[in-house]
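Student: Take a look at this one; I'll ask things after.
Each reported figure results from applying straightforward, stated rules to the coordinates on display, with no laboratory input. These numbers come from a predicted model, not from an experiment. Counting neighbours? That spans all protein chains shown, and the Cβs are built from the backbone with ideal geometry, glycine included.
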Amino acid sequence: MRCPFCRHEDTQVVDSRVSEDGAAIRRRRRCPACDKRFTTYERVELTLPAVVKKDGSRSEFDRRKIAASMRLALRKRPVSAEAIDAAVARIEYLLLGSGEREVRSERLGELVMNELLALDKIAYVRFASVYRRFEDVSDFEDVIEEFRRPKPDKPTRKR
C-alpha cells in the first residue's frame, strides 16, 4: 500500500484487528520512509442499492456522504469517530440485508436519523432541522416535545 503522506510504494502493517461490527479489518500501517502511521480498512465490496433522489435522479450509495453528514450533525458533540463508523456500518448492513436494488433518499434519511437519535439527541435535532426543512421554532418544539413524552413501558414477564 502506498503511503498517503510521502507516496512511498511500500508500507508495513503494524497491527490488524477485526472492526467492532465485524464487517472490516482495521490495519495500522507505518511508512518506513517517513515514519508516519495511518489506518486502513479492508471491507468486502458488495453492491449497495442506488439512491433515488426526490427529483427521480439516481446516484451510487456513498458511505462517505453519510458519514460526513453525521459528523456535521455531531460536530462538537461527545461522540467518537468509531461510534459514527459503526452507525454507518449498521445503515449499510440494513441496506444490504434489504436486497433492494434502489433506496429512496427519504428512507436513507430516516435511517440516518434513527442512528443519530441513538447516538446523540442534539445531533438528531440538528440533522432533522435540515433534513425535514424546519421553517420556524414550532418545528423544533415539536421534535423536543417528542423527547418529553413518556415512553411506553415494556411489558415485564411474570415468573
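Student: Evaluated at 4 °C with a viscosity of 1.567 mPa s, what Stokes-Einstein diffusion coefficient in µm²/s does the chain have when Rh comes from the Kirkwood expression over alpha-carbon pairs?
Tutor: The estimated diffusion coefficient comes to 70 µm²/s.
Student: Something else: Report, to the nearest 10°, how far helix 63-73 tilts away from the longest principal axis of the Cα atoms in the chain, using its own Cα long axis and a range of 0 to 90°.
Tutor: Compared with the principal axis, the helix lies near 60 degrees.
Student: Give a quick list of trypsin sites (Lys or Arg not before Pro) in segment 1-34 that DSSP marks as loop, anything other than H, G, I, E or B, with at most 13 other Cβ atoms within 10 Å.
Tutor: Within segment 1-34, the qualifying trypsin sites (Lys or Arg not before Pro) (loop, at most 13 other Cβ atoms within 10 Å) are ARG2, ARG7.
Student: For the Cα atoms of the chain, what angle does the longest principal axis make with the long axis of helix 81-98, in degrees from 0 to 90, nearest 10?
Tutor: The two axes meet at around 70 degrees.
Student: Specify the angular offset, from 0 to 90 degrees and rounded to the nearest 10, of the alpha carbon long axis of helix 137-148 from the longest principal axis of the alpha carbons in the chain.
Tutor: Once rounded, one gets 90 degrees.
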